[in-house]
Structure formats: C-alpha cells, structure tokens
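K.L.:
Handing you a structure now.
The values are calculated or read from the model by the stated rules, or taken from the named source; none is laboratory data. Computed from a prediction, not measured in an experiment: that's the story for all the values here. Virtual Cβ from ideal backbone geometry, glycine too; neighbours counted across all protein chains shown.
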Ligand code: F6P
C-alpha cells in the first residue's frame, strides 16, 4: 500500500473512532487540547479545538499531509513551477503581494521586477486619478468608478471594497457582474459620465457578460462625451491587445499575467478600482497582510501551519466523516461577501472528480460552501445547523474590535458568535429540556411531545477564526489563509486547483441557445430544453 493510501486509511480509521466520541468529551482528560489546537499567525487567531478530531485524529491528518508531500508541493508553488498542469502554467499569486525587491520566479524567470514595475505604474495612475491630475474628458476629476467583471474579476474586489470602504467614501465605487440588464442599470444609476471612470476587468477579455456590460458602459460614456468618452475607459487583462481594440487608451490598459489565476487575482491590477477608491496606501497594507500569511505558510512546520491545519480540519470532516457541505459565517457585516468569495475560490478550485493526471479521484473532493453574515443567518439557516439531520461544519469568522463600535454593540455580536459555536458543540439534552419544562409546570403529555423537538444533538463542529480588528492587513491575511488552505486540500486530493474546465460546457451551450433565442435556426435539444426555447422565443 502506498504511503498516501495508508495515510488515507489511517485518517478514515481515526475519524471513524473519533466520530463515536462527542467533541466535548475530547477536552476532558486532555488539558493541552485547547493549546495544541489554537493558532496565531499574521494577525489571525484560529481555534480548531471544536473540531471532531482527537490527538490521534490530528496526527493522522498531519501524517496524510506528509504522505501527500504537502511540503514539496508548497515548495513547487512558491518556486513558480508549473502547478497548473492542464494549462501549463505556474500559480504565482504570492509574487503579487510580496514586498518590493522580492525574488519570485515563474519557470525560472524572475517575475518580481515585472510585478514591482506594474505596481509602480498602478500606484501612479491611482494617485493621478485621486488627485485629479488625470481627469475626465471635460476636465472634471473622477468621483465615481464602475468596476465591470465577473467571477475572480469581481468577487475579490467586491469583498475588499465592502470590507474596507470608509463610512463616507470620497469615491463612489459600483460593481457590475451579471449580464442581467438591471445590473448595469443599477451600477450606472445616478452617475454622471463626466466624472465616471469605467474599469473593465477580464483576464481573457472574452467573457460574454463582461463584454456585454462593457459595451453598455462605453455607449453610455459616448452618448454623453462622444468618442472622447473612451478616455474614461480602463482595462485590466492578460489580453491587453484585445482590451485596446475595444477602445481603451493604451496607457489605461493594465496587464497581468497568465500565471495569475482569476480567483487568485485580487492582488494584481484586478484590484485597481479598490486601490483608486481606497487610496493605494490602504491597498498596499492589504497586500502586506497577505504577504505575512505567505511567510507563515512558507515557513511554519505542518503542525503549526495555519492554512495546513485548517485544510486538515476541513478534510477530516469531508473525507473522514463524509460531510459534504460547509458553512462560512462571518460575524461582521463588512465581511458578508466572504462566503460568496470562498464559493468560487474553493468550489471552482477543487470541485473536481478527476485528478491532475486524468484519473478518477480516489477521495471525495471539495465540499459545497454556503453562508452569510451573522447574526442575520441565525434567523435563516441555523435551525438546520442545530437540529437538521446532517452535520454541517461551520467556519465562524469574527472581529474583536469594531471600527465604529459604540454602546458595546460589538459585544452583542461577539456573544452570538461565541455562543453559536458553543451551542453547536454542546447542544442540549432531552433530559435537560424535560427538567426545564417540568420546572415551568408543563403537563407530562406536553413534556413528552415537546422535549424531543426542543433537544439539541450538539456535537457539531466549528472553526473559530478571530481577527483583532478588520484592517487591510487582516483582510489580506484572511484571504491568503483560505487561498493556501484551498491549495493544500487540492494537494491532498491530488487534483489541479488552478484550472476550471467545468465552466466551459455551459458557456458554449449558452451561445447556441442565445443564437436560437435571437431568431436563429432551431438546434437539436432534449424535449425539455427545446420546449423552453420555444416558450422563450414567443
Ligand atoms: O468562471 C470561469 C471564469 O473563467 C473564472 O475562473 C474567472 O474568474 C471568470 O470566469 C472571469 O473570467 P475573466 O476574468 O477572463 O473575464
């Protein structure tokens, strides 16, 4: 049996054993558990002690990381080797947030000088826009930015803006991703073309939704400014020539490289609109926070390595205990888009059934990720988390000090975050409920009927990720944590986390259906699809 197979078997054995104990019981008789399973790195504090693994389970998981050569894969990732094997590319997103003068390479070629030069150009542009030195066609300084992009060209920047925007921003930053006509209408509503900059972000510059929205924005500018309006267009792409052909002035096309994956690209010029709206100093602090997590990930031993241990906790649930779904609940309004971001990062990276060399995977891969901001979702899906038939692990992300805390409201938010993690693990026995109902004088028949309904099984795992404050640095560290966690999971599962062939079929079929909806000849479809097309053509 190979080392990896043996390691997976040991993980399965220990998980089966641990699954028969209650998580809470793992603390008894193991006073060092809490200390062993809490971690601090790059401004984040992470508590994995409410995960369902005993020390033997933890050791089996670490053994799996060793057998899967996570350390070797980490070295290859950092070295800029071709880790995206199906596209023949590196995945060198760490170079994008490294301090000036770093020495990252791709396929043996130094790329840090390119990154440094690109960043210098970006900061100059940002400063020119913010100072008004670079103004609109009519001379008005830019006061609004419309960011057009989708997937990795949208979710990261949108998350950064929601998390870091000042209460009263001096630049009105809007986002448009969906091809739904109402999206661009909403994005442009109330804006004046004279002082609006349009930033079109697309790695390929071929994405149907983005080009459709960019055409609407370009027409909106031209309707007011004529072709001079093209001076309000900015493009961020790995296909700069295509962007220029669209009408974007050459000195407003910001290129990035094919060794940057879309869902790993917020650190590049893809984040330009945020840098404009926030100021480049804040964006640099965001990059620095991620670089701190990178340094930790690159150097910490596996058993002290936050991204590795978070990946192992998730894999212990996913593969050891067969849990197919995970919830992410940020107890912070400004992090409400974190679940959306992680859906793409984790499910587009690791939602695969074939390994990196084309064989069916030997283990289940990515869990489905969903979530929403606490406390809101306590009034939405926490009923299922507490009393549903399935055990769904939860990542709770909380912020200790609020930016604008007053009257201790932050304490109320934190109390809910902590209490939910406790309730998920501890639950409430039927005997306790009976006792409580008896004390309230309930009739026995009522107690018999109600007690089972009001008991909580507990034994439901969670990870608790605590930021001291939500700052550009801790946001950068948080996103980098999940990027590296996702990478480690891909290594454990033996899959390529950096391609996304699964999005191609839907795109190509949509092109065929669109042609038919627009009056083209009917194609060959199943009866259901054919009927829908007929109905929609009426
Ligand atoms: O969802 C498929 C995908 O290619 C993502 O990986 C990417 O982030 C998104 O579409 C947008 O692609 P582009 O940046 O090339 O417009």
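K.L.:
Quick test for you: out of 337, 342, 306, 312, pick the one residue that is more than 16 Å from the ligand (Cβ to nearest atom), farther than 22 Å from residue 98 by Cβ and modelled with pLDDT of 95 or more.
P.N.:
It is 312.
K.L.:
Pick from segment 1-18 the residues that are within 24 Å of residue 390 (Cβ to Cβ) and surrounded by fewer than 18 Cβ atoms within 10 Å (Cβ to Cβ): which of them is nearest to the chain's Cα centre (by Cα)?
P.N.:
12
K.L.:
If we keep just the residues of segment 215-231 that are in contact with a strand residue (DSSP E or B) (Cβ under 7 Å, 6 or more places away or on another chain) and within 23 Å of residue 170 (Cα to Cα), which is farthest from the ligand (Cβ to nearest atom)?
P.N.:
Top of the filtered list is 221.
K.L.:
Might you let me know whether segment 151-165 holds any residue that is surrounded by fewer than 18 Cβ atoms within 10 Å (Cβ to Cβ), at pLDDT 95 or above and over 27 Å from residue 297 (Cα atoms)?
P.N.:
Yes: one or more hits.
K.L.:
Taking residue 179, is it in contact with a helix residue (DSSP H, G or I) (Cβ under 7 Å, 6 or more places away or on another chain), within 16 Å of the ligand (Cβ to nearest atom) and either under 30 Å from residue 470 (Cα atoms) or free of Cβ contacts under 8 Å to residues at least 24 places away in the same chain (or both)?
P.N.:
Taking the combined requirement at face value, the residue does not satisfy it.
K.L.:
Please tell me if residue 160 is within 26 Å of residue 220 (Cα to Cα) and either part of a helix (DSSP H, G or I) or within 16 Å of the ligand (Cβ to nearest atom) (or both). Give the steps one after another, and end with the answer.
P.N.:
Values: within 26 Å of residue 220 (Cα to Cα): no; either part of a helix (DSSP H, G or I) or within 16 Å of the ligand (Cβ to nearest atom) (or both): yes.
No: the conditions fail for residue 160.
K.L.:
Determine which single condition residue 172 fails, assuming it passes every other condition in (1) surrounded by 17 or more Cβ atoms within 10 Å (Cβ to Cβ); (2) more than 28 Å from residue 515 (Cα to Cα); (3) more than 11 Å from the ligand (Cβ to nearest atom).
P.N.:
(1)
K.L.:
Residues in segment 40-53: is at least one surrounded by fewer than 17 Cβ atoms within 10 Å (Cβ to Cβ), closer than 24 Å to residue 478 by Cβ and touching a helix residue (DSSP H, G or I) at 6+ places or on another chain (Cβ under 9 Å)? Give the derivation first.
P.N.:
Of the residues in segment 40-53, the ones surrounded by fewer than 17 Cβ atoms within 10 Å (Cβ to Cβ) are 40, 45.
Subset that is closer than 24 Å to residue 478 by Cβ: 40, 45.
Within this subset, residues satisfying the condition of being touching a helix residue (DSSP H, G or I) at 6+ places or on another chain (Cβ under 9 Å) are 40.
The answer is yes, given that some residue of segment 40-53 is surrounded by fewer than 17 Cβ atoms within 10 Å (Cβ to Cβ), closer than 24 Å to residue 478 by Cβ and touching a helix residue (DSSP H, G or I) at 6+ places or on another chain (Cβ under 9 Å).
K.L.:
In the set 102, 91, which member is within 26 Å of the chain's Cα centre (by Cα) and within 16 Å of the ligand (Cβ to nearest atom)?
P.N.:
On the way: 102 fails: within 16 Å of the ligand (Cβ to nearest atom).
Residue meeting the stated conditions: 91.
K.L.:
When the residues of segment 366-401 are filtered to those that are crowded, with 18+ Cβ neighbours inside 10 Å, touching a residue at least 60 places away in the same chain (Cβ under 8 Å) and out of contact with any helix residue (DSSP H, G or I) (no Cβ under 7 Å at 6 or more places or on another chain), which remaining residue is farthest from residue 332 (Cα to Cα)?
P.N.:
So the residue we want is 391.
K.L.:
Hey, another quick one. Kindly indicate whether any position in segment 123-130 is closer than 24 Å to residue 480 by Cβ and surrounded by fewer than 21 Cβ atoms within 10 Å (Cβ to Cβ).
P.N.:
yes
K.L.:
May I pose another question? With the structure loaded, tell me whether residue 234 is in a loop (DSSP other than H, G, I, E, B) and within 16 Å of the ligand (Cβ to nearest atom) or whether it fails that test. Outline the logic, then answer.
P.N.:
On the way: in a loop (DSSP other than H, G, I, E, B): no; within 16 Å of the ligand (Cβ to nearest atom): yes.
Taking the combined requirement at face value, the residue does not satisfy it.
K.L.:
Could you name every one of the helices (runs of 4 or more DSSP H) located completely within segment 411-516 that has at least 2 residues being crowded, with 21+ Cβ neighbours inside 10 Å?
P.N.:
472-493
K.L.:
Name the residues in segment 87-113 that are in a loop (DSSP other than H, G, I, E, B), surrounded by 15 or more Cβ atoms within 10 Å (Cβ to Cβ) and touching a residue at least 40 places away in the same chain (Cβ under 8 Å), would you?
P.N.:
Of everything in segment 87-113, those that are in a loop (DSSP other than H, G, I, E, B), surrounded by 15 or more Cβ atoms within 10 Å (Cβ to Cβ) and touching a residue at least 40 places away in the same chain (Cβ under 8 Å) turn out to be 87, 90, 91, 92, 93, 98, 111.
K.L.:
Taking segment 231-245 on its own, how many of its residues are in contact with a helix residue (DSSP H, G or I) (Cβ under 7 Å, 6 or more places away or on another chain) and touching a residue at least 12 places away in the same chain (Cβ under 8 Å)? It would help to see each step written out before you state the result.
P.N.:
To start, the set of residues in segment 231-245 that are in contact with a helix residue (DSSP H, G or I) (Cβ under 7 Å, 6 or more places away or on another chain) comprises 232-237, 244.
So of that shortlist, the ones also touching a residue at least 12 places away in the same chain (Cβ under 8 Å) come out as 232-237.
Adding up the residues that qualify gives 6.
K.L.:
Within segment 188-214, which residues are away from the ligand (no atom under 11 Å from the Cβ) and surrounded by fewer than 22 Cβ atoms within 10 Å (Cβ to Cβ)?
P.N.:
Answer for segment 188-214, where residues must be away from the ligand (no atom under 11 Å from the Cβ) and surrounded by fewer than 22 Cβ atoms within 10 Å (Cβ to Cβ): 188, 189, 190, 191, 192, 193, 194, 195, 212.
K.L.:
Sticking with this one: Out of all the residues in segment 348-381, which are farther than 23 Å from residue 322 by Cβ and in a loop (DSSP other than H, G, I, E, B)?
P.N.:
356, 357, 358, 372, 373, 374, 375, 380
K.L.:
Anything in segment 403-444 that is touching a residue at least 60 places away in the same chain (Cβ under 8 Å) and farther than 19 Å from residue 327 by Cα? List them, or say none.
P.N.:
403, 404
Yes/no per residue for (1) closer than 30 Å to residue 301 by Cα; (2) free of Cβ contacts under 8 Å to residues at least 60 places away in the same chain:
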residue	(1), (2)
454	no, yes
459	yes, no
467	yes, no
481	yes, no
491	yes, no
497	yes, no
501	no, no
535	no, yes
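K.L.:
Something else about it: Kindly indicate whether any position in segment 11-24 is in contact with a helix residue (DSSP H, G or I) (Cβ under 9 Å, 6 or more places away or on another chain) and assigned to a strand (DSSP E or B).
P.N.:
no
K.L.:
Out of the residues in segment 245-280 meeting the condition of being over 30 Å from residue 478 (Cα atoms) and within 16 Å of the ligand (Cβ to nearest atom), tell me which one is surrounded by the fewest Cβ atoms within 10 Å (Cβ to Cβ). Write out each step before concluding.
P.N.:
Step one: filter segment 245-280 for residues over 30 Å from residue 478 (Cα atoms), giving 245-252.
Of the ones still in play, those that are also within 16 Å of the ligand (Cβ to nearest atom) are 245-246, 248.
On the way: 245: 10, 246: 19, 248: 27.
Here the residue is 245.
K.L.:
Being part of a helix (DSSP H, G or I) and either within 28 Å of residue 91 (Cβ to Cβ) or within 16 Å of the ligand (Cβ to nearest atom) (or both), is that true of even one residue in segment 140-151?
P.N.:
yes
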